[in-house]
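Worksheet: the structure to be examined is printed underneath.
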Ligand SMILES: [Zn+2]
């Protein structure tokens with residue numbers, strides 16, 4: 001069933017676990033995501049970013065596929081626009097049936113981030129959609145942004161930001177970054193800052209750039225208050241490696257069989273991840289309240 005992200009993440013925050021938000025640009029990934037969630041009896045979030053839908057999976061084509069498969073699923077599924085930055089992209093997603101949007105104003109000055117987030121807040125409410133914002137800036141791993149303390153989320157600013165924007169969840173910068181870290185590197189997460197943010201804000205917090213962060217870091221982040229984890233790079237790499245192995249072992253494999261191999265490998269990866277972040281067997285919260293955001 002399709003739900004908003006708010007009820008899902010409020011439940012996760014109250015019960016101290018996290019929900020996966022998985023970037024999806026194809027039918028195989030969509031089936032891997034939803035089949036994994038159903039087998040784990042877990043809520044899940046289907047994510048797509050403007051970069052991805054412009055480069056590969058136009059929203060007009062992919063959203064009807066998302067909604068038809070998600071509507072028939074036995075577990076709650078939210079459809080989320082990941083890193084929306086322009087008014088056009090966000091309104092398009094709202095019109096096409098997303099149940100949640102992220103407005104990423106993290107590169108704007110603090111006051112501008114608040115101002116624009118408030119505008120998107122009123123817009124998303126008209127569509128009964130939940131809203132994620134970002135404060136501090138989760139940058140790019142290849143550029144070493146995970147180690148740039150100046151980009152980390154400031155606790156006092158975060159309190160002010162939440163008071164003024166009333167967003168449903170907040171992406172925080174605590175030492176992770178997007179993409180792959182240099183070989184052999186694990187990011188150093190500022191767990192004290194995460195703890196202070198959770199105590200001060202008491203709302204669902206989101207971790208971006210979790211790929212390559214390592215299981216121990218992810219488990220600890222969930223313990224300390226992360227309730228949504230975006231997963232893209234690690235999953236895409238896993239799907240690619242499954243294709244590479246299948247092609248090496250069986251060079252003339254049928255194309256449908258090849259895609260199926262990748263789909264099943266990604267499903268297994270997602271199932272394990274769901275178990276690690278504690279969202280297995282959690283779908284029994286009151287989904288009838290899921291659409292009521294106010
Ligand atoms: Zn992100």
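Rule-based calculations on the coordinates, nothing more; no lab input. All values derive from a computational prediction rather than experimental measurement. Reconstructed Cβ throughout: ideal geometry from the backbone, glycine too, with neighbour counts over all protein chains shown.
Could you please find all residues in segment 168-191 being outside any loop (DSSP other than H, G, I, E, B), surrounded by fewer than 24 Cβ atoms within 10 Å (Cβ to Cβ) and within 11 Å of the ligand (Cβ to nearest atom)? Across segment 168-191, the qualifying residue is only 178. For segment 62-77, check the following and say yes or no: at least one residue is within 16 Å of the ligand (Cβ to nearest atom) and either touching a residue at least 24 places away in the same chain (Cβ under 8 Å) or closer than 20 Å to residue 52 by Cα (or both). No, the conditions are met nowhere in segment 62-77.
Applying the set (1) within 16 Å of the ligand (Cβ to nearest atom); (2) surrounded by fewer than 21 Cβ atoms within 10 Å (Cβ to Cβ); (3) free of Cβ contacts under 8 Å to residues at least 40 places away in the same chain to residue 163 leaves exactly one unmet item: (1).
Taking into account only those residues within segment 95-113 that are part of a helix (DSSP H, G or I) and out of contact with any helix residue (DSSP H, G or I) (no Cβ under 7 Å at 6 or more places or on another chain), which is farthest from residue 166 (Cα to Cα)?
Ranking the qualifying residues of segment 95-113, first place goes to 95.
Here the helices (runs of 4 or more DSSP H) wholly within segment 27-88 that include at least 2 residues being within 17 Å of residue 2 (Cα to Cα) are 27-39, 59-71.
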